[in-house]
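No value in this document is a laboratory result; all are computed from the given coordinates. Remember, predicted model here, so these are calculated numbers, not experimental data. Neighbour counts run over all protein chains shown; Cβ positions are idealised from the backbone, glycine included.
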Amino acid sequence: LGREAWEYLASLMLRCLAPLYLLSTAADAYSLDAPRHFVAAVSARHARGTVASAAPAAAPPELASFRAWLSESGIASEAVEPAKLPGWGVCLVAGPDGVAQGDTLLSIPTALHLTPSSVAAGPVGAAVARVVPSDDHSALLALGLLEQLSRGEANCSSWPYIELLPSGDEMVGMPLLWADEERAQLLSGSHLEGCVAQARQQLLEQWAAVEAVLPAHAEVFPRSVFNAAGYLWAHAVVLSRALPFGEELHLIPLLDLANHAAGSPHACSIGVSGEGGAVSEAWQVEGKEAAAVLTAGAAGGAGGESF
């Protein structure tokens, strides 16, 4: 799908996300098809959460590993931290001292981003170059995500981030992963039903084209990960978490834990470490390593979710 189509679909899903989540949990009508269970089949850590109060939940061991990985990667933010909140999953919350207006909440250098250009330049991108256009950022990110997952803990430098991503079971508010019957039941009468069905069909058709090149590159595409279920799951992750960065969409660890809320005072920007703060255009980076920066637009108390 092109970028404009994805943005339109994302806006529709975000608008409908809360009511759809409530409908789906109330109906308890989950058809747990392959995309729902995809990550659980690859990594045994994934377990479906329960909706409870807004009180902090017990931190999963993967969260400690993720925090340690951030620290080892030079990301030491005392202003915000990842935390698991019941009903929300792992989110971005204010640190123990809260935040003040104007604080830099986090700064994530591009070296830690998963980017379409890096995927296109690697073996996965080379293998699918004939069937995946270089400007299809969502497809490249999805394939790059599966590549990282296929490497496993021993060979993936960003494994703590990959392991923390939600499974299909945890993404209950993503109609892209619903079975046909479930989608018809919960979206009946809405224009979103046809929109999601069309997007899913287009993704499956694109996957069929990708799948055709796999036999010639078996060492690059282990079929336990690179399959239709995985492709849908990876696209659901990209659709719900990728952020525009310059002229591309990026998956940005830690920043992508921040949930979206209309009217949030906090602002994302492109920054250059040690070069005087935020810039507004990618060309202003001028060859320096850029970073995704989140700046507080208002004060917030300790433990409060940072949107």
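Data for the structure
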| item | result |
| --- | --- |
| Amide H contacts under 5 Å for residue 290, placed H, 5+ residues apart | 110 |
| Cα gyration tensor category, rounded, prolate or oblate, for segment 82-220 with a/c compared to 1.5 | oblate |
| Long-range HN-HN contacts of residue 250 with modeled amide H, under 5 Å | 243, 245 |
| In Hz, Karplus ³J(HN,Hα) per residue of segment 64-76 (6.51, -1.76, 1.60; θ = phi - 60°; x = Gly, Pro) | 5, 5, 5, 4, 5, 4, 4, 5, 5, 8, x, 9, 10 |
| Residues whose placed amide H lies under 5 Å from that of residue 168, excluding near-sequence neighbours | 38, 39, 40 |
| Net charge of neighbours whose Cβ lies under 15 Å from the Cβ of residue 68, counting Lys and Arg as +1 and Asp and Glu as -1 | -4 |
| Neighbourhood charge, 13 Å Cβ-Cβ cut-off, centred on residue 121 and excluding it, Lys, Arg +1 and Asp, Glu -1 | -2 |
| Hz values of 3J(HN,Hα) by residue in segment 100-110 - Karplus curve (6.51, -1.76, 1.60), Gly and Pro given as x | 10, 4, x, 5, 7, 6, 6, 8, 10, x, 5 |
